[in-house]
Amino acid sequence: AESAMLNNQASSQQQLSYLQQLQMQQQNQLMQHQQQQQHQGRGGGGDGGDSSQPPSQRARTSVGDGQGGQGSDSQLGGSSSNLPKSVIKHLPLLEKNSADGNRLRSYYDLSVDELFCLPPVPSDEEYANRLTVPVDPRRLPRFDLAALQAARFAEIALGALANNQVALALELSNATVMCLRECVEEPVHPSCMYDVARAYLLHGIFRSYRGDMVRYFKYRRVCLTHLSQLDDVPGVEALLAAISFHDSWAYMIHNASEESLPQIDDAIPPLPGSGCGAGGNVGVSGNGGKCDPKYGISTDPSQIASNPANQMWIQGPPPVFINNEAPAISRSLDALACAIRSCCDQANSRFEGMAREMNRQSAAEGMSNGGNGGGGANGGDGGPSSITPTSRAVMANQNELCSRNMVLSAFTLLQQHEASTSSVNKNHGHHMIVSAMDAFLEGGDEEEAGGFTDSQIQSLLSVCNTAIEHPLLLYQGGPTYHMVSDAAILLCHLLNGMHANRGTGDSAPGEMEAALFDEVLDTFVSVRKLLNVHRRKLPVRLRCHGIPRPNFGGSGGASSPGVSGEGGGPAGAPFIDLGETLMCGSRGCQGFVLMACSPCVAAERAQAATMKQEASGRDAAASGDGGDGAEGEVNEFDKELYDLGVEFDLDDDALLNVLSRIIAT
């Protein structure tokens, strides 16, 4: 009872403080508005700054919001936000009746949010009505207004990027930063804490799409500092699941190696951990959150955010999935993220084993030739790596957390969500990931053509056809693009197997076999074109496989080559030579290309791919395009985009410096 009384007193004091702050801001806004009118009446007033100047030198101007149907410059509403002209010109995109703004938001909805399913950013009216002290939407405090604008700009920036409007996307991303700078100096009001956290995460995802992983991890951690103050807030599980799934992509491209991650602790300090961490004590944590007795972690959002194991990426037991009170769609997404991390750990373990085997063979050959047996594969001669928190959790709870069961649970939860909601969202991206994981984890059938089962073939075709029909899904958060690329690689293996089997038989293939070959070939050609177009838009370090084209040469026709036993190049040559693949730097993805190779050959090719990708990244950086252009392509427009990005990076650094100072104190 005493604790409840103290909580009520604290809440009342907070409401009173906020009301006083609101009244003072409204008085200041009224005085500023009157002074501005008097100044304009005397013929004074400037234009608020030159947008052609560098961001750090731009003058600031006071301007009305007028966004989302919530006030305009002629009204007194919380409109005295000091934003540069480069941001002001994009404010009309946030209005409800803006056709261009709604179009950009639809691109975001059909790409990033199609999977994340985050709650919509509230309008000014909705936000004003849910405040403890309801206010006129036109008189919202400028800090609250800037927070809402930041969340809206972050969404349409990702929408512009998905629509390949890169210059506009960079400007909108910069608008997000400028709005966040408006509200960073004041304590975030609890009513907009979630929207601020969302803005930081979406902006971090935007930076990651540009290949800027250092700033992604920084903004991600800033997001966690806000989430550590959010418990029992609608939508917080969806935001945590989105972080978990995008983290699985970072986990994949960094090969689960924490040593390869950027050092950001000095800039953005990690959150202080609680007593209930990954594999920690069971019971009640130091902050009052309850630990799950089975998995040893807390499912409270604040405890998930402050867990020491989650400061760079979420790992260990899936915290949202094991929370039975979380929304089914969020639990499903977190389960898929855990399955992906587990598969990455298994791939890393296999490659380390192959590298050690190659070292032993090299040492044996060196001894037999009178050498000292030295040398070895880089990264594989140091013995097995330490067990990751995810691997430790899976081994301790094999029945619940193994990859196959996690995918099955994710699909069941997705079905529950679809049965309980009337949303028109078909969840194409979610189903595509489930189908891909289902195909990747199935064992195959050596007696079938190409070594694939019928259900596996159907899953692979479903993944590729979904990507062809909905290409915006390649911009989903997480490893979606990589998974579609890996599915296309498996179609290569299938086509090669069918081509080889039909080339050795005495009789012509049946109609069913010919039809299947044609269907798989048509799908592969289409998805390969789609992936190559998407790949050229990405920074070098983020690109997955460069997939070779089929070999239509030889005496056979271009239609259904190899089905008749003809065509496909020289005798014995594969229909698609996967040896020409420009392999992804992720070991998890490399395994799909090398599945038919011996361990030693696979280890050698994996090392060669890593070295080639590192060299390509250095060449791209030296060329001045930051790795954002395609190989050999640096045109004037790419250079302008690069210069624009460098200019806007100054604003990002200024915001991060302020955040670093605030968080450190």
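The values are calculated or read from the model by the stated rules, or taken from the named source; none is laboratory data. Please read these numbers as outputs of a predicted model, since none were measured by experiment. All Cβ positions, even for glycine, are placed from backbone atoms using ideal geometry, and neighbour counts span all protein chains on display. Heavy atoms of the whole protein, side chains included, go into the accessibility calculation; ligands, DNA and RNA do not. Shrake-Rupley method; radii C 1.70, N 1.55, O 1.52, S 1.80 Å.
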Add +1 for every Lys or Arg and -1 for every Asp or Glu among the other residues with Cβ under 12 Å from the Cβ of Ile547, and state the total. +2
Starting at the first residue of the stretch 180-185, write each ³J(HN,Hα) from the Karplus equation 6.51 cos²θ - 1.76 cosθ + 1.60 with θ = phi - 60°, in whole Hz, x for Gly and Pro. 5, 5, 5, 10, 7, 6
For the stretch 137-274, report the accessible area per residue in Å² (1.4 Å probe, heavy atoms, rounded to an integer). 27 Å²
Taking H placed 1.01 Å from N in the peptide plane, check which residues at least 5 places from Cys291 or on another chain put their amide H under 5 Å from its amide H. Gly283, Val284, Ser285
If the only charges are +1 at each Lys and Arg Cβ and -1 at each Asp and Glu Cβ, what is the size of the charge dipole of the stretch 479-552 around the Cα centre, to the nearest 20 debye? 840 debye
Highest-first arrangement of 258-267, 511-520, 456-465, where packing means the average Cβ count within 10 Å: 456-465, 511-520, 258-267
What are the ³J(HN,Hα) values, in whole Hz, obtained from phi via the Karplus relation 6.51 cos²θ - 1.76 cosθ + 1.60 with θ = phi - 60°, for each residue of the stretch 190-198 in sequence order, with x given for Gly and Pro? x, 5, 10, 4, 5, 5, 5, 4, 4
Within a Cβ distance under 12 Å of Ser403, other residues only, what is the Lys/Arg minus Asp/Glu net charge? -2
Subtract the Cα-Cα distance of Thr665 and Ala396 from 0.36 nm times their separation in residues, and report this length gain in nm to one decimal. 92.9 nm
Local electrostatic count at Asn465 - Lys and Arg +1, Asp and Glu -1, tallied over other residues with Cβ under 12 Å: -3
If the chain between Gln415 and Leu650 were fully stretched, how many nm would it gain, using 0.36 nm times the residue separation less the Cα-Cα distance? 80.1 nm
Using a basic spin-label model with each label point 7 Å from the Cα along Cα→Cβ, how many nm lie between Gln229 and Asp266? 2.8 nm
Measuring from label point to label point, each 7 Å out along Cα→Cβ, what is the Val658 to Glu186 span in nm? 1.2 nm
In nm, spacing of pseudo-spin labels at Val424 and Glu258 (7 Å Cα→C-beta vector): 4.7 nm
Long-range amide H partners of His545 with built H, under 5 Å: Cys584
Using a 1.4 Å probe, what is the accessible area per residue for the stretch 394-546, in Å²? 43 Å²
Any chance you could run the full-extension gain for Gln346 through Ala515? It's 0.36 nm times the residue separation minus the Cα-Cα distance, nm to one decimal. 57.3 nm
